[in-house]
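Below is one structure, written out as structure tokens, with a few remarks after it.
The values are calculated or read from the model by the stated rules, or taken from the named source; none is laboratory data. Bear in mind that the values here come from a model prediction, so they are computed numbers and not experimental data. Glycine gets a Cβ as well: all are built from the backbone with ideal geometry, and neighbour counts include every protein chain shown. Note: areas computed on protein heavy atoms with side chains; ligands, DNA, RNA excluded. Shrake-Rupley method; radii C 1.70, N 1.55, O 1.52, S 1.80 Å.
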Amino acid sequence: MKIGTDSVLLGAWTSIDHKPFSILDIGAGTGIIALMLAQRSYAELIDGLEIDDAAYEQCTENFENSPWNDRLFCYHASLEEFTDEIEDKYDLIVSNPPFYSEDYKTNNSQRDMARFSDAMPFEHLIESVSKLLSASGKFSVIIPSKEGKGFIDLASKFGLFANRILQVKGSPTSEIKRSLIEFSFKQGVTVQRKELIIETNRHQYTQDYINLTKDFYLKM
């Protein structure tokens, strides 16, 4: 599976200012976000959760071959199974969830599992996060911007409230495509809102995008 811009954005943007001891990446895929957070933070426990067989094997291999393999572990289970069995709480939870809800499907079931929201409904994700997140923890997610308001409203029903929002545009003239949102159990916090443009022209990255992601690209 290729590394997508969404994962890189979330891995770089997610706040670690509260110095998390434990981190969970829900739907870890190749493990890229967990690996980025291992590079950025001093968290001693960084877990990935992945249900797809091939992605789980790739994630485990990537974890084992990384400089931070003593802090990384991937669970092969569904979110429902994991939430029911894990008693510990996490200081930081991140997720780049499957969110393509269009009617069509491809002939590649593995890709469908990765891309379509029926693999992990938002309500199921938020409810699980509300059970797995520590009282002072943070939850960061990247979703289509059109889903942002509904996602925030749904999260509030489980006691999770938006603290920071980053709206992402591919170019100066394009529509806002993605929303990165940070949640916590703290209510009444003034939401910090910012906008990020990725490119001015094809492969001509903005200084804001370079500053955010340069620590993770070999050539930037």
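Assorted remarks:
- Residue that is least open to solvent (accessible area, probe 1.4 Å), among those in the range 1-14 that are within 18 Å of LYS214 (Cβ to Cβ) and more than 11 Å from the chain's Cα centre (by Cα): GLY4
- Residues satisfying the stated conditions in the range 76-85, i.e. touching a Phe, Trp or Tyr at 6+ places or on another chain (Cβ under 8 Å) and in a helix (DSSP H, G or I): PHE82
- Residue satisfying all of: in the range 85-100; more than 19 Å from ILE16 (Cβ to Cβ) and under 18 Å from the mean Cα position of the chain (by Cα); most open to solvent (accessible area, probe 1.4 Å) among these: TYR100
- Residue ID - surrounded by the most Cβ atoms within 10 Å (Cβ to Cβ), chosen from residues in the range 71-84 that are within 24 Å of HIS124 (Cβ to Cβ) and in contact with a strand residue (DSSP E or B) (Cβ under 7 Å, 6 or more places away or on another chain): CYS74
- Close pairs from the range 25-41: first assigned to a strand (DSSP E or B), partner open to solvent by less than 10 Å² (accessible area, probe 1.4 Å), Cβ under 6 Å, at least 6 apart: ASP25/ILE33; ASP25/ALA34; ASP25/GLY48; ASP25/VAL94; ILE26/LEU49; ILE26/SER95
- Taken together, LYS219, LYS177 contain a single residue that is of a type outside the set (S, T, N, Q) and in contact with a Pro (Cβ under 9 Å, 6 or more places away or on another chain), which is LYS177.
- Matching residues, the range 135-154, being touching a strand residue (DSSP E or B) at 6+ places or on another chain (Cβ under 8 Å) and open to solvent by 40 Å² or more (accessible area, probe 1.4 Å): SER136, LYS138, GLU147, ILE152
- Among the residues listed as LYS214, LYS146, the single one being over 28 Å from LYS19 (Cβ atoms) and without any contact (Cβ under 8 Å) to a residue 24 or more places away in the chain: LYS146
- Only one of the numbered conditions (1) part of a strand (DSSP E or B); (2) without any contact (Cβ under 8 Å) to a residue 24 or more places away in the chain; (3) aromatic (Phe, Trp, Tyr) is not met by PHE73, and that is (2).
- When the residues of the range 42-70 are filtered to those that are small (Gly, Ala, Ser) and assigned to a helix (DSSP H, G or I), the one that is least open to solvent (accessible area, probe 1.4 Å) is ALA55.
- Against the numbered list (1) modelled with pLDDT of 95 or more; (2) open to solvent by 50 Å² or more (accessible area, probe 1.4 Å); (3) closer than 19 Å to ASP17 by Cβ, LYS157 comes up short only at (3).
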